[in-house]
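Have a look at the structure below, then the notes.
The values are calculated or read from the model by the stated rules, or taken from the named source; none is laboratory data. Remember, predicted model here, so these are calculated numbers, not experimental data. Counting neighbours? That spans all protein chains shown, and the Cβs are built from the backbone with ideal geometry, glycine included.
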Amino acid sequence: MPVSRISAAFDKARSDGRSALVSYVMAGDPDLETSYQVLNALVENGADVIELGAPFTDPMADGPSIQRAGQRSLKAGTTLKDVLALAKRFRETNQTTPLILMGYANPVHLMGYEAFAEAAGDAGIDGTIIVDLPPEEDMPLREAYAPHELAVIRLATPTTHEGRMKTVADGASGFLYYVSVTGVTGAKKPVASDIAPGVQMAQRISGLPVCVGFGIKTGEQAREMAAISDGVVVGSAFVDIISEMAQGKSREEIVESVARLTRDLSSGLNRNGGVA
Amino acid sequence: MDLRNTWDKWPDANGRFGEFGGRYVAETLMPLILDLEKEYRAAQKDPEFQAQMDDLWKHYVGRPSPLYFAERLTDHFGGAKIYFKRDELNHTGAHKINNCLGQVLLAMRMGKKRIIAETGAGQHGVATATVCARFGLQCVVFMGATDVERQKPNVFRMRLLGAEIVPVESGTGTLKDAMNEALRDWVTNVDDTFYCIGTAAGPHPYPELVRDFQSIIGREAKEQILEREGRLPDAVMACIGGGSNAIGLFHPFVEDEGVRLIGVEASGHGVETGMHAAALNGGKPGILHGNRTYLLQDDDGQIIDAHSISAGLDYPGIGPEHAFLRDSGRAEYLTCTDDEALEAFQLCTRLEGIIPALEPSHALARIGEVAKEMGSDQIIIMNLCGRGDKDIFSVAGHLGIDM
């Protein structure tokens, strides 16, 4: 079911003539109830796939926005088990939207790959992106995932040359996450024409849907990226909205702002009607 | 698995020391560390590279460093003969420059013009800034904001040497956060930047190449003790933060089964208090900063901040080869508290006229017990890996003396 839930979501977007909207939020930022309401707002307003961030003390690939979100989440006491429980709660009312857990290796490693795979499968997680488990290191994870049909979603980047892309594609499942810039999340602004060749190579070699992420914040940027990819990942922009709760905005206001941004992003992803 | 007589065969082709090590980095960095490995293999076979290293070691760093018989300390403890390997006499005052020279020469072979480094106490930062000044390279040093405050003399030194210092506010503003920020910079500036890692940790091939560059310590010590005593030592000892000075001393002796390898971790206020930096004695295996090794972490796999009086040992992990040597039983790892290190610092200063850094003071604090267990016909070599000039202000503070 899980891997097929991911392909069904991309198939549906494709048959609608658009790119999929992949949205990222940090679980437990600033608390689990807000995250739960945000997840539902994302889905109701057009998100096709959800990446659920699991907090880690040392997020080496993240820029300041997601670093701070992780710190807020940890300060609230969020654990990996809490993130899985949030996924399970979301699944009670939603059986179709793929849920991808995104995080770093150490908490998963400490829980044990088998135990994690079982718990994630049980929670209705469909796959994971573990930033610091490159193909060279993720074999034990893949073995643990196999019985639960969890997807191992890998990253490709502008430094991934053709030979390397074969390594990245071999054993990847679900979709490929194409990191549009060299850098951390939310920092640089990607340029569609620069990355189009890399995305095409990733599509050709992997045969998987390829989503583009890092630095995409507006409907207009999303539209540009949608023209060259199967999906567009937006993370820091959502995280920035949610961070305003720390400045005193109410949960209702935050959820409404998330809904508005989702609609804005989603409306830009129709390839036929796009500007590109 | 029979590990005997295979100690120096590690790491394997995947960068593993048994179950430890590896390459746990974001995909953006994978092509870079694979390139670095290729370049390092080429350099290892290049006599020019070795000749350049030898020349700089001799005329710029001042190697070989002396092997000194610490006569009064030996008498004081009344056990084994204690020798110091005097790496505190190196240019820049510590062992760090051995490794910086090697990495910067590699960076130049790779055509990189910008060198980044992380630093805790500032010793690795100073050594990197020094070598960059020597070769006219741009140098950016990431340093936790807390450490910038408590290591002002080294911050000024680095600025004099032309380095840019980036205070890191994220996390708790110490060494691990500086390393996170250096990795973020590297991932952003992949084309022109070389990351000069200060200890024998990080993704493969760093633990191997840092060990190899630091092994000059053990190779010299071995030659010198054979000349002085006509035989190998019975034990070699060093302090451990990330563990680069220790692995540099241990590695040339690792095949000599009769030589005990003894590392000393910083246990801060005591391992039982949770305020310490003893990853092997108080941590669990995990994944951080590119390698699988022992880490200070909580039950959810979140990294716990280390604590040590010595900024150079204030790190929640340890090089993967030490994790391997510990689990396989080849090396022993003891601990030393802040207070014990302070006492040893003063003892060595008074008895030998050598002001040691707080880092090797941790090894000094355990050397008496180890020496007493051994007979007076036995020999210990301890790496005095840094000098204490940088620490006099903080030691004065701890002793309640107003300078």
Considering residues of region A:88-107 that are in a helix (DSSP H, G or I) and without any contact (Cβ under 8 Å) to a residue 40 or more places away in the chain only, the residue farthest from the other protein chains (Cβ to nearest Cβ): A:R91
Some residue of region B:259-273 being buried (at least 24 other Cβ atoms within 10 Å of the Cβ), in contact with a strand residue (DSSP E or B) (Cβ under 8 Å, 6 or more places away or on another chain), within 14 Å of chain A (Cβ to nearest Cβ) and not aromatic (F, W, Y): no
Criterion: assigned by TED's automatic domain parsing to the domain that holds B:N383 and either crowded, with 21+ Cβ neighbours inside 10 Å or farther than 30 Å from B:A357 by Cβ (or both) - qualifying residue of B:Y68, B:Y83: B:Y83
Only listed residue being in contact with a strand residue (DSSP E or B) (Cβ under 8 Å, 6 or more places away or on another chain) and closer than 26 Å to A:T93 by Cα, chosen from A:G127, A:G121, A:G171: A:G127
Residue within region B:169-189 that is more than 14 Å from chain A (Cβ to nearest Cβ) and outside any loop (DSSP other than H, G, I, E, B) present: no
Verdict on B:L34 being within 14 Å of chain A (Cβ to nearest Cβ) and surrounded by fewer than 20 Cβ atoms within 10 Å (Cβ to Cβ): yes
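Here's the yes/no breakdown for (1) modelled with pLDDT of 95 or more; (2) in contact with a Leu (Cβ under 9 Å, 6 or more places away or on another chain); (3) of a type outside the set (G, A, S); (4) not in a strand (DSSP E or B):
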| position | (1), (2), (3), (4) |
| --- | --- |
| A:P30 | yes, no, yes, yes |
| A:E33 | yes, no, yes, yes |
| A:L39 | yes, yes, yes, yes |
| A:A47 | yes, yes, no, yes |
| A:D58 | yes, yes, yes, yes |
| A:L74 | yes, no, yes, yes |
Positions within region B:190-211 being outside any loop (DSSP other than H, G, I, E, B) and either of a type in the set (A, V, I, L, M) or under 27 Å from A:T160 (Cβ atoms) (or both), in sequence order: B:T193, B:F194, B:Y195, B:Y206, B:P207, B:E208, B:L209, B:V210
Residue satisfying all of: in region B:274-288; away from every other protein chain (no Cβ under 14 Å) and not hydrophobic (A, V, I, L, M, F, W, C); surrounded by the most Cβ atoms within 10 Å (Cβ to Cβ) among these: B:H276
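Residues in region B:209-231 that are under 22 Å from B:K9 (Cα atoms) and not β-branched (V, I, T): how many?
Residues that pass the stated criteria total 12.
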Criterion (of a type in the set (V, I, T) and within 14 Å of chain A (Cβ to nearest Cβ)) met by exactly one of B:I309, B:I318, B:I303: B:I303
Region B:52-68 residues that are among the acidic types (D, E), paired with ones that are part of a loop (DSSP other than H, G, I, E, B) and modelled with pLDDT of 95 or more (beta carbon under 9 Å, 6 or more apart): B:D54/B:R63
Any chance B:D377 is surrounded by fewer than 21 Cβ atoms within 10 Å (Cβ to Cβ) and not hydrophobic (A, V, I, L, M, F, W, C): yes
Flag for B:H276 being in contact with a Ser or Thr (Cβ under 6 Å, 6 or more places away or on another chain) and more than 27 Å from B:I82 (Cα to Cα): yes
Pairs where the first residue, in region A:50-79, is within 8 Å of another protein chain (Cβ to nearest Cβ) and the second is of a type in the set (K, R) and not in a loop (DSSP other than H, G, I, E, B), C-beta under 7 Å, 6+ apart: A:D58/B:K176; A:M60/B:R184
